[in-house]
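Data block below; observations after.
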Amino acid sequence: MKAKTTLYDLLGLTPSASEADIHAAHIRLVRHYQSGPHGLAPMDADNQIKVIKEAWWILSDPGRRATYDASLVPTQPERVPGPGHVPLADLVQPLKVEISDVKWTPGRIMLTIIGGLMIVGMVIQIFFSLFAFKNASRVASGEVAVEMQERVIAAERRQMYGDLSPQEIAEQEAAAKQQREEAVQSAEERRKEYARKEEEYKRERALQERSQYADRVSADLERAEEAARRKAEWDKRQKEEAERRIDMEEQRRVQERVARERYRWQQELQR
């Protein structure tokens, strides 16, 4: 027969765990199912967290823990009388005495009081045993898990909304839903506005780049034209200088020839 899973098993503890161990296990498991690699579906992880919280709620309180521990104590099986068993009534029967014959001494009165207290204690123990049996039946049937989830949900609602009425809670939830929708719409509008501005920036950047490229091309053309003009002027000056040197050389040759002819005429006249 498979052993029943207890609240200690849910927290990974033993029944002898201390209160500090219970708190530490509760925090560790809640963090694990909230952000750890548990491999469960979100709904299953949330249900597991609620069960762990309810287990911590029961075991963190000494009174609730004592009641739960009492429910874990196995009941004693009914003993079957053996062949040589003598009923207790048969043993007690010969000891019956008349109450009128009993002498009430202080010691006997004290024993009677103690016996009455023991009977009361037995009645209380039977009551707690029945209560523990009922809790065990509820745990087995799943009622405790449902109650745990309901308590956790109620605690979360109390923590979130306090003592508000259901109508006020519904109004707050509707207002919160509207705020979320408005926030989503506002975020979408901001995203569209950002996309529009980004597109405008890209167009302006493209226009600036084309304008800068055109300015560079124009400047390059102007520099090329200026260089061509300067080269043409330099070529012109070089050509003029060459022509001037040719003219000067021609004039020099003419002058030399004239001087030779003049000298020759003078020589002929002297003869």
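No lab work stands behind these numbers, since they all come straight from the coordinates. What you see is a predicted model; the values in this text were computed from it and never measured. Glycine also receives a Cβ, built like all others from the backbone with ideal geometry; neighbour counts cover every protein chain displayed.
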Using the count of nearby Cβ atoms within 10 Å as a rough guide to exposure, how do Thr112, Thr6 rank from fewest to most?
Thr112, Thr6
Rounded, prolate or oblate: pick one for the stretch 1-40, where a ≥ b ≥ c are the square roots of the eigenvalues of its C-alpha gyration tensor, a/c under 1.5 means rounded, and failing that, prolate if a/b is larger than b/c, else oblate.
oblate
In order over the stretch 44-60: 3J(HN,Hα) from phi, Karplus 6.51/-1.76/1.60, θ = phi - 60°, whole Hz, x for each Gly or Pro, gives 5, 5, 5, 4, 5, 5, 5, 5, 5, 5, 5, 4, 5, 4, 6, 7, 7
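Report the net charge of residues surrounding Ser211, where surrounding means a beta-carbon distance below 14 angstrom and charges are Lys +1, Arg +1, Asp -1, Glu -1.
+1
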Within a Cβ distance under 11 Å of Ala55, other residues only, what is the Lys/Arg minus Asp/Glu net charge?
+2
For a quick protection proxy, order the peptides 48-56, 32-40 by their average other-Cβ count within 10 Å, most packed first.
48-56, 32-40
